[in-house]
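The values are calculated or read from the model by the stated rules, or taken from the named source; none is laboratory data. Bear in mind that the values here come from a model prediction, so they are computed numbers and not experimental data. Reconstructed Cβ throughout: ideal geometry from the backbone, glycine too, with neighbour counts over all protein chains shown. All accessible areas refer to the heavy atoms of the entire protein, side chains included, with ligands and DNA or RNA removed. Shrake-Rupley method; radii C 1.70, N 1.55, O 1.52, S 1.80 Å.
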Amino acid sequence: MGRTYIVEETVGQYLSNINLQGKAFVSGLLIGQCSSQKDYVILATRTPPKEELNENLKHPKAKLDNLDEEWATEHAHQVSRMLPGGLLVLGVFIITTLELANDFQNALRRLIFAVEKSMNRKRLWNFTEEEVSERVTLHICSSTKKILCRTYDVHDPKSSAKPADWKYQNGLSASWLSLECTVHVNIHIPLSTTSVSYTLEKNTKNGLTRWAKQIENSVYLINGQVKGEDCDLLEGQKKSSRGNTQTTSHCFDVRVLTQLLLNSDHRSTATVQICSGSVNLKGAVKCRAYVHSHKPKVKDAVQAMKRDILNTVADRCEILFEDLLLNEIPEKKVMNSEKEFHILPHRVFVPIPGSTVMLCDYKFGDESAEEIRDHFIEMLDHMIQIEDLEIAEEINTAYVSSSMNSQASLDNTDDEQPKQPIKTTIVLKIQQNIGVIAAFAVTVLAVGISFHYFSD
């Protein structure tokens, strides 16, 4: 028997309202959460049209071979940045004309594997063996409205399609549980002379990979308590008069305790490296994760929080690299300048109507609330109200500094930072450059970064 997908009713309404407008097909993403028993779909969003490619309007019988996988996977990558912990791209959908109703499965198969492969390259974490590796493909005929739901095991390149159930439910995520925490990050990444041929982006990614292991091995307190991973997250919560656990708008406070010492059975050795510089990532980040309210386990909640911490740090680094590229700041300038400061993007949350779940995005200080709204419309095809934006990180001193001075301190000293704190109001970062990643030095967090370059 195949997997069951429980789908928010508004997703069905959204898919029904999509008009092909003379095109042969429209594709998009399905967003939600996996669980061992069933999967939950809470949002769908069509892939924005490519402005320079309007041939489908002139050729309504265009083949599905014309589906632009690169454009679709980049859209999935951009959307994945807007998902808090616990949410991911569960699959893809395609709506076709009746003429193409029997010619869609190969296109969907290629697309679902391309999307998963693209997103895996960006992550600082890996899926566990216990996790569900099936992803869903949904085909809808625009004329008959017939739905065909199938899944593929994305860990198996030879996987064949399996049938799946697609069931609608009203208010699916109205009582999902949220977890929140603030993580203070101070990551020092030495740039050894042996890695001088690498880009700063690659060196930074390597440093973040080492830091990710610390986050994975940390201890997580939920409402001040350490709980067994197989315990029910709602254990000990108050019961309603009907005997059900009250979960509406329930939020858990999470604290992360990083281990300072290795276990006694691990030996540690000191390594001396000749370095050409270093990257420091400093700051406090606001993290959120969401889990379904159907007997959630502690391990699921902790895992969702870990991944949000790792994702938000990595995403901000990548966004800064892209911004440097867009502004045509060459890597050599960042490398050779005596002191270089860059403001890092901050995080903003926005609610999904009828749900406790909030989506997020990132913004630099000079971007407006209107730009955030436009970005949400383009990436998620859903209207938001500017007044609904929730500022997660409001005032921060963010910096990226580089120094050729051999005496340069690696600490956060007054002369390394901008003379005046940088005050920024968090709104949202609009990342519309499809598929660009810069090769510059930058750092993370709704916070600061510093690059130190020094001579031998």
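Per this entry, GLY32 is not counted among residues that are open to solvent by 10 Å² or more (accessible area, probe 1.4 Å), touching a Phe, Trp or Tyr at 6+ places or on another chain (Cβ under 7 Å), small (Gly, Ala, Ser) and modelled with pLDDT of 95 or more. Only one entry in ASN217, ASN203 is within 25 Å of the chain's Cα centre (by Cα), farther than 25 Å from SER16 by Cα and open to solvent by 60 Å² or more (accessible area, probe 1.4 Å), namely ASN217.
Here's the yes/no breakdown for (1) open to solvent by less than 10 Å² (accessible area, probe 1.4 Å); (2) at pLDDT 90 or above:
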{"residue": "GLN37", "(1), (2)": "no, no"}
{"residue": "ASN54", "(1), (2)": "no, no"}
{"residue": "PRO60", "(1), (2)": "no, no"}
{"residue": "LYS63", "(1), (2)": "no, no"}
{"residue": "LEU67", "(1), (2)": "no, no"}
{"residue": "THR73", "(1), (2)": "no, yes"}
{"residue": "GLY91", "(1), (2)": "yes, yes"}
{"residue": "ILE112", "(1), (2)": "yes, yes"}
{"residue": "ARG123", "(1), (2)": "no, yes"}
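Out of the residues in the range 346-382 that are among the β-branched types (Val, Ile, Thr) and more than 15 Å from the chain's Cα centre (by Cα), which is surrounded by the fewest Cβ atoms within 10 Å (Cβ to Cβ)? Applying the filter and picking the extreme gives ILE377.
Looking at the range 129-155 only, could you name the residues that are closer than 22 Å to HIS77 by Cβ and of a type outside the set (Lys, Arg)? Correct list: GLU131, VAL132, SER133, GLU134, VAL136, THR137, LEU138, THR151, TYR152, ASP153, VAL154, HIS155. Scanning the range 9-23 finds no residues that are out of contact with any Gly (no Cβ under 7 Å at 6 or more places or on another chain), assigned to a strand (DSSP E or B) and either open to solvent by 40 Å² or more (accessible area, probe 1.4 Å) or among the hydrophobic types (A, V, I, L, M, F, W, C) (or both). Which residue is farthest from VAL185 (Cα to Cα), if the candidates are limited to the range 235-279 and must be modelled with pLDDT under 80 and in a strand (DSSP E or B)? Here the residue is LYS239. When VAL183 is tested against (1) in contact with a strand residue (DSSP E or B) (Cβ under 9 Å, 6 or more places away or on another chain); (2) open to solvent by 60 Å² or more (accessible area, probe 1.4 Å), exactly one condition is not met: (2).
Which of the residues belonging to the range 383-393 are open to solvent by less than 60 Å² (accessible area, probe 1.4 Å) and either in contact (Cβ under 8 Å) with a residue 60 or more places away in the chain or not aliphatic (A, V, I, L, M) (or both)? Answer for the range 383-393, where residues must be open to solvent by less than 60 Å² (accessible area, probe 1.4 Å) and either in contact (Cβ under 8 Å) with a residue 60 or more places away in the chain or not aliphatic (A, V, I, L, M) (or both): ALA392, GLU393. Just to be sure, is ARG210 open to solvent by 50 Å² or more (accessible area, probe 1.4 Å), outside any loop (DSSP other than H, G, I, E, B) and in contact with a Ser or Thr (Cβ under 6 Å, 6 or more places away or on another chain)? Here the answer is no, as ARG210 does not meet what is asked. Just one of (1) modelled with pLDDT under 90; (2) farther than 30 Å from SER276 by Cβ; (3) within 14 Å of the chain's Cα centre (by Cα) fails for GLN385. It is (3). Looking across SER173, SER143, SER178, one residue alone is in contact (Cβ under 8 Å) with a residue 24 or more places away in the chain, assigned to a strand (DSSP E or B) and among the polar types (S, T, N, Q). It is SER178. Checked against (1) open to solvent by 20 Å² or more (accessible area, probe 1.4 Å); (2) under 27 Å from ILE31 (Cβ atoms); (3) among the aromatic types (Phe, Trp, Tyr), TRP176 meets all criteria but (1).
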